[in-house]
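Okay, so here's the structure we're looking at.
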Amino acid sequence: MGLFKGILHFFIPRERTLVFTTFDQAQYFRAKGRLTEAGIPHRSKINGGMQATVQRVLYGGKASVQHDLYVRKEDEYLAAQAIH
């Protein structure tokens, strides 16, 4: 049953709560590291990654990439404490 449950949760993720958003990659890695150190399972979503790379290369501009960190609803309080 554990294998089936794992596969099911891979394709249908549990509900997640957004706990951290930044446009700075260093802040993102710092927050992600703190969640990992605290043992809090989390997921990341990065918006604009490939577009930003193309924009930087072609136009030499600065493109913004948004980094989001999500945790389970029951871990929201612990995640906020770990990050801040």
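Rule-based calculations on the coordinates, nothing more; no lab input. No experiment lies behind these values; they were computed from the predicted model shown. When we count neighbours, we look across all protein chains shown, and the Cβ atoms used for this are built from the backbone with ideal geometry, even at glycine.
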Contour minus Cα-Cα distance for Glu76 and Phe4 (0.36 nm per residue): 23.3 nm
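Quick check on the exposure proxy: order Leu18, Leu78, Leu35, Leu3 from fewest to most C-beta atoms within 10 angstrom.
Working: Leu18 11, Leu78 16, Leu35 21, Leu3 7.
Arranged by neighbour count, lowest to highest, Leu18, Leu78, Leu35, Leu3 become Leu3, Leu18, Leu78, Leu35.
Take Ser44, Ser64 and order them by how many other Cβ atoms sit within 10 Å, fewest up front. Don't jump to the answer; show the numbers that get you there.
Details: Ser44 13, Ser64 10.
Fewest to most other Cβ atoms nearby, the residues stand as Ser64, Ser44.
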Got a sec to turn the phi values of the stretch 64-80 into Karplus ³J(HN,Hα) couplings, 6.51 cos²θ - 1.76 cosθ + 1.60 with θ = phi - 60°, whole Hz, x for Gly and Pro? 9, 10, 9, 10, 10, 10, 10, 9, 5, 4, 6, 9, 4, 5, 5, 5, 4
Taking θ as phi - 60°, what are the ³J(HN,Hα) couplings along the stretch 24-41 by the Karplus curve (6.51, -1.76, 1.60), each to the nearest whole Hz, with x for Gly and Pro? 9, 5, 5, 5, 4, 5, 5, 5, 4, x, 5, 5, 5, 4, 7, x, 9, x
